[in-house]
1. Once you've got the Cα coordinates, tell me which of 84/176; 27/113; 57/100; 42/84; 176/317 are over 25 Å apart.
2. Within the set of other residues whose C-beta is less than 12 Å from the C-beta of residue 228, count the net charge using Lys and Arg as +1 and Asp and Glu as -1.
3. Please compute, for the alpha-carbon atoms of the chain, the extent along each of the three principal axes and give them in descending order in Å.
4. How large, in percent, is the carbon and sulfur part of the accessible surface of the chain at a probe radius of 1.4 Å?
5. Give me the one-decimal nm value for the distance between modelled label points at residue 130 and residue 110, 7 Å along each residue's Cα-to-Cβ direction.
6. Which one, 229, 64, 168, has the greatest fluctuation when you compute a Gaussian network model over the chain with C-alpha springs under 10 angstrom?
7. Can you figure out the FRET efficiency of residue 164 with residue 290, using R₀ = 30 Å and their beta-carbon distance, to the nearest 0.05?
8. Quick one: among 117, 273, 153, which has the greatest mean-square fluctuation in a GNM of the chain with alpha-carbon springs under 10 angstrom?
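The values are calculated or read from the model by the stated rules, or taken from the named source; none is laboratory data. Bear in mind that the values here come from a model prediction, so they are computed numbers and not experimental data. All Cβ positions, even for glycine, are placed from backbone atoms using ideal geometry, and neighbour counts span all protein chains on display. Surface areas here come from the heavy atoms of the whole protein model, side chains and all, with no ligands, DNA or RNA. Shrake-Rupley method; radii C 1.70, N 1.55, O 1.52, S 1.80 Å.
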Amino acid sequence: MSWIREGELNLIEKLSANILKAGPMPKHVAFIMDGNRRYARKRQVERQEGHTQGFDKLAETLRWCLNLSIHEVTVYAFSIENFKRSKDEVDGLMELAKQKFIRLLEEQDNLEKHGVCIRVLGDLTLLPLDLQQHIARAVVATRTHNKCFLNVCFAYTSRHEIANAMAWGVEQGLIKSSDVSEALLSRCLYSSNSPNPDLLIRTSGEVRLSDFLLWQTSHSCLVFQSVLWPEYSFWNLCDAILQYQLNHRPLQKARDQHREGQALQQHEADRACLADLLQHHGNGKPLDAQRRQEALLNYTASREERVQDFLGALQHKRDSFLTDLTSQAALA
C-alpha cells in the first residue's frame with residue numbers, strides 16, 4: 001500500500017468538504033491511531049494484520065486530509081512504551097515499519113508530486129540499525145518538499161522528548177540556566193519545525209493522551225472517538241473537524257493569551273537576570289532609566305544570539321545524525 005492513496009472524494013464527500021471549509025479549518029491534525037489490536041481480535045486475524053490494516057488506513061486518511069486542505073499531519077506510530085510488548089509483536093512492528101519505509105523510498109515520484117515532506121520524531125537510537133537507516137534515507141530524500149508534512153512519531157514519548165530537549169545544550173555549555181524558558185523548550189522539541197496541532201484525534205474509545213505531544217497540545221482541540229482505527233472513515237474525520245470548529249473561538253483566545261503571557265514572562269525574566277548581573281558585577285551606582293533600558297536590550301540581544309547559536313547547533317546535530325545514517329546505508 002502506498003503512503004498516499006490516489007483518488008478524489010466522491011460527490012457527497014466533496015460537498016461536505018466544501019461546507020466544512022467555509023468555517024475555520026485545522027491546519028495541523030494529530031492522530032493517536034488506536035485500535036489495531038482490537039480490530040484484529042474482532043476480525044479474528046493475526047495482530048500483524050491489524051497493524052497492516054492500520055497503516056493502510058493512514059494512507060487513506062492522508063488523502064482525505066489533502067482534499068480538506070489539511071497540510072500537516074502527525075501520527076503516533078510507535079511509543080517507547082510499546083517496547084514492553086511481546087518480542088514477536090515488537091519484531092513484527094519493526095519489520096512492518098522497515099517494509100513501509102522501503103516502500104516510501106520506491107515511490108518518491110508520488111511524494112514529490114504532492115510535495116510531501118516526511119519527518120520522523122523520536123529517539124531513533126532505540127531502533128534497529130537497518131530501520132534507522134531506512135528512516136534516515138526517507139527523511140533526507142523528502143526534506144526539501146514543502147507542500148504538506150507527515151510527522152511520524154516513532155520510538156517516542158512526550159516525557160522522553162521534554163526530558164532530553166535541552167540536556168545536550170546544557171552539557172555542551174551552549175546555553176545557561178537563565179536561558180531556559182517555555183519558549184526555548186518549544187524550540188528544542190522534535191516538533192520545533194511545525195506549528196502545534198490545532199486538533200488531536202484519538203480513536204478506539206480511549207480518553208487519554210498516552211504520553212503523546214503533551215506539551216504541544218496544551219491549547220489543541222481534543223476529540224476522542226469510539227471507532228477502531230482501521231475502521232476510521234471520512235465521516236469520522238468530518239465529525240472531529242466540526243467539533244474543532246465549534247470550539248475554535250475559545251481555543252484561539254486561549255492561544256493568544258498564552259502567547260502574550262509567555263512574552264511578558266520572558267521580559268520579566270530578562271529584567272530579573274539583568275538586575276542580578278548589575279548587583280554582582282556593577283560599580284554600585286544605580287543606572288538611570290535610559291541606561292537601564294539600553295542594558296536590558298543588550299542583555300536580551302545577547303541571550304537571543306546565544307539561543308540561536310544553540311538551536312543552530314542542535315539542528316546541525318540532528319541533521320548530521322540522519323545524513324551519517326544515510327551514508328552508512330549507501331556503503332552497506
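1. Numbers: 84/176 36 Å; 27/113 20 Å; 57/100 13 Å; 42/84 23 Å; 176/317 19 Å.
Going by Cα-Cα distance, 84/176 fall outside the 25 Å limit.
2. Working: positive: 37, 38, 41, 42, 43, 57, 202; negative: 34, 206, 231.
Around residue 228, the charge tally is +4.
3. For the chain, the Cα extents along the three principal axes come out at 79, 52, 37 Å.
4. Values: 8910 of 17190 Å².
In the chain, the share of accessible area belonging to carbon and sulfur is 52 percent.
5. 2.3 nm
6. 168
7. Details: r = 42 Å, r/R0 = 1.42.
Approximately 0.10, to the nearest 0.05.
8. The residue with the greatest mean-square fluctuation here is 273.
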